[in-house]
1. Using only Cα atoms, locate the centre of segment 64-123 and the centre of segment 207-225, then give the distance between them in Å, rounded to an integer.
2. Starting from the amide H of Y181, placed 1.01 Å from N in the peptide plane, find each other amide H under 5 Å away whose residue is 5 or more places distant or on another chain.
3. In terms of the Cα gyration tensor, with a ≥ b ≥ c the square roots of its eigenvalues, is segment 171-224 rounded because a/c is under 1.5, prolate because a/b exceeds b/c, or oblate?
4. Using a 1.4 angstrom probe on the protein heavy atoms only, line up S75, S114 by accessible area, largest first.
5. Label-point separation (nm) for L77 and A92, each offset 7 Å from Cα along Cα-to-Cβ?
6. Not counting ligands, DNA or RNA, and with a 1.4 Å probe, what is D185's accessible surface area in Å² rounded to the nearest 10?
7. According to the square roots a ≥ b ≥ c of the eigenvalues of the Cα gyration tensor, what is the shape class of segment 165-263, taking rounded for a/c under 1.5, prolate for a/b larger than b/c otherwise, and oblate for the remainder?
8. Please list 3J(HN,Hα) in residue order for segment 125-137, calculated via the Karplus relation 6.51 cos²θ - 1.76 cosθ + 1.60 where θ = phi - 60°; whole Hz, with x for glycine and proline.
Amino acid sequence: MIEIDRRDLIAGLGGAAAVGLMSHEARADALEDALNERLELAQAPPGSGGGGFPTSAEIEAQIPTRGYRRGTGTSFLNTNGENVPMLPPLPASPTLFDFYDLRFTRQSNHCLQSANKAMERGADEEIILACLLHDTVQTIMRTDHGYWGAQLFEPYVPERTSFAIKYHQALRFYPDEEAGYVYPDLYRRIFGEDYVPAAHIRADWDMLRNHGWYDAPREVTVSDLYAFDPDAVVTMDPFVDIVGRHFKQPEEGLGNDNSPVAHMWRTIANPDAPL
């Protein structure tokens, strides 16, 4: 029987006050994710290096031990094998806030804390917005989520915001202690202690370290990594005006505006569509 320390779980979700703001469904999802992560670590072959971290080869060997792909968006399955819940319907002309409340439930608490951390650090509004949005696309896709996320939001946000969302994925593999970002042990567990980023990530790193907007995605990585303050109580309230100033909400509603990414919003709205 896998056991979860209740205090650790609550702290990881932002503390008791933050958990109190979550829906019952979001709490259940968070518990399932924590149990699944513990299960995967328990089933992993022993690591061959220091600190008990697995190698990349050992991570790859786990692939056929699961009945799902780890990159699958969180709306499409429960990774513990149980049935998925019914999703509440969206309004006829859904806004970003509607998606945040009704579809981004597994990512919202973390992203709210990330945006709050960026605000506390004095980041500008375009980057605060990037932090608010950066992981929400994991609703439909975890793999290359920075690139998927930038594509999802690009028609509606400033260019620098989508730039920050896109490239935070590459920068998270490269520490910058001066900026406050240390490579996390979590990635050694997820990817393997000897993991080498893919060629497109390395190419983006080479481009970014001399780019004039380097600070934009870097701020997302810093606020992303340290977005689990056990004493934090974060709601959407501090960010409503920022969204209003910088997010171009279509009158028809997201998914109904015939934009190049409308189909992505429709997929998030109705992940139960068979085709």
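1. 23 Å
2. D176
3. It is oblate, given that a/c is not under 1.5 and a/b is not larger than b/c.
4. If we order S75, S114 from most to least accessible, we get S75, S114.
5. 3.7 nm
6. Its accessible surface works out to 80 Å², give or take rounding.
7. Prolate is the answer for segment 165-263, as a/c is 1.5 or above and a/b outweighs b/c.
8. 5, 5, 7, 4, 4, 4, 5, 5, 10, 4, 10, 5, 5
The values are calculated or read from the model by the stated rules, or taken from the named source; none is laboratory data. Just so it is clear, the structure is predicted and the values come from calculations on it, not from any experiment. Every residue, glycine among them, receives a Cβ derived from its backbone with ideal geometry; neighbour counts consider all protein chains shown. Just so you know, the surface numbers come from the protein's heavy atoms only, side chains and all, with ligands and any DNA or RNA stripped out. Shrake-Rupley method; radii C 1.70, N 1.55, O 1.52, S 1.80 Å.
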